[in-house]
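Trainee: Quick one: structure below, then a few questions.
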Amino acid sequence: MKSIICSLVFVLFYSCQPKYIDSDIAEFEKELGEKNVATINLLLEDFEQNYLKFHYKNQSLDSAYNNFLVDIKKGNSLKQYPNHKKMYSVFSNSDLFSEIYLKPDSVWIARDKHSDIEDDKVVMKVNCDKEYPKLIKRYKSFNHSGQVEYDFEIENHCTGLTDFEKFTEEEIISKGLNHYQFNSLGKYNIALFNIQKRGAVFKNFQRIKESAGFLDCSNVASGLLYDKADLTDYFIKRIILLEMIY
């Protein structure tokens, strides 16, 4: 009887103890915000249930993640993912999307210097005889102080853009408006930057991310496998999800 009472006391004591919370996870989720965290969790659950467990049957989840990375490293494309279109719609219409990517808020075609940007500091200087016409895309973002910042992307013959001979002006502008770039000032990038202290795998990933912006899926897979990333890790799973699936 005494041993039973002691066992009950032991169980009650430990069940009442506060659960351990990884401070890095808490900081990451605080930076992203509750709504964005919920979106990531929804996307991750669907990826694990409807992709990994479907294509890598009878395997543990971490083994499925490993084999997924191996397949992508080999150059294999994403396998059939019937729910991806639906989940991508959820992602693209969420606040999370704008924290990761920027879409142009303005796009126009400059035919000559008179229709170019007034501020020469943001005009890419190109020494070639086909500088015009050029497609100019403007991206609007907010810095850490909440102030508006603009970034400009220029495309012309010198950068390989040949659409001017193939499409109408309206089609070129419409195509430009659907282009997007990585949001270096977004909460996602800030949250990633803050977890570099967790180890070499995160430092290496952030270093490459900062230099390249968009990363090829096979390169992400190769890097994570080379660094022997812990595929059960909270952050590694989210890096795989957001860098390789969305």
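The values are calculated or read from the model by the stated rules, or taken from the named source; none is laboratory data. These numbers were taken from a predicted model, which means no experiment stands behind them. Note that we place each Cβ from the backbone using ideal geometry, even for glycine, and neighbour counts take in every protein chain shown.
Trainee: Would you confirm, using the coordinates I've provided, whether K140 is touching a His at 6+ places or on another chain (Cβ under 9 Å) and either in a loop (DSSP other than H, G, I, E, B) or outside the structural domain of G75 (by TED's automatic domain parsing) (or both)?
Mentor: no
Trainee: Further question on the same structure: Scan S94, S60 and give me the residue that is over 19 Å from the mean Cα position of the chain (by Cα) and either buried (at least 18 other Cβ atoms within 10 Å of the Cβ) or modelled with pLDDT of 95 or more (or both).
Mentor: S60
Trainee: Additional query: With the structure loaded, tell me whether E118 is among the charged types (D, E, K, R), at pLDDT 85 or above and surrounded by fewer than 13 Cβ atoms within 10 Å (Cβ to Cβ) or whether it fails that test.
Mentor: Against the criterion (among the charged types (D, E, K, R), at pLDDT 85 or above and surrounded by fewer than 13 Cβ atoms within 10 Å (Cβ to Cβ)), E118 does not qualify.
Trainee: Pairs only if they're at least six apart or on different chains, beta carbon under 8 angstrom, first in region 230-246 and crowded, with 19+ Cβ neighbours inside 10 Å, second among the polar types (S, T, N, Q) and assigned to a helix (DSSP H, G or I); list them, first residue then second.
Mentor: From residues that are crowded, with 19+ Cβ neighbours inside 10 Å, the pairs are L231/N66.
Trainee: Could you list all residues from region 127-166 that are free of Cβ contacts under 8 Å to residues at least 40 places away in the same chain and farther than 23 Å from K113 by Cβ?
Mentor: K140, S145, G146, Q147, V148, E149, K166
Trainee: In addition: Test R207 against the stated conditions and say whether it is among the basic types (K, R) and touching a residue at least 40 places away in the same chain (Cβ under 8 Å).
Mentor: No.
One line per residue, one yes/no per condition, for (1) crowded, with 16+ Cβ neighbours inside 10 Å; (2) assigned to a helix (DSSP H, G or I):
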residue: F152; (1), (2): yes, no
residue: A191; (1), (2): yes, yes
residue: K203; (1), (2): no, yes
residue: R207; (1), (2): no, yes
residue: F214; (1), (2): no, no
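Trainee: If you check E131, E165, E170, which single one turns out to be surrounded by 13 or more Cβ atoms within 10 Å (Cβ to Cβ), among the acidic types (D, E) and more than 13 Å from K103 (Cβ to Cβ)?
Mentor: E131
Trainee: Can I ask one more? Tell me which residues, restricted to region 160-179, are assigned to a helix (DSSP H, G or I), in contact with a Pro (Cβ under 7 Å, 6 or more places away or on another chain) and of a type outside the set (G, A, S).
Mentor: The answer is F164, L177.
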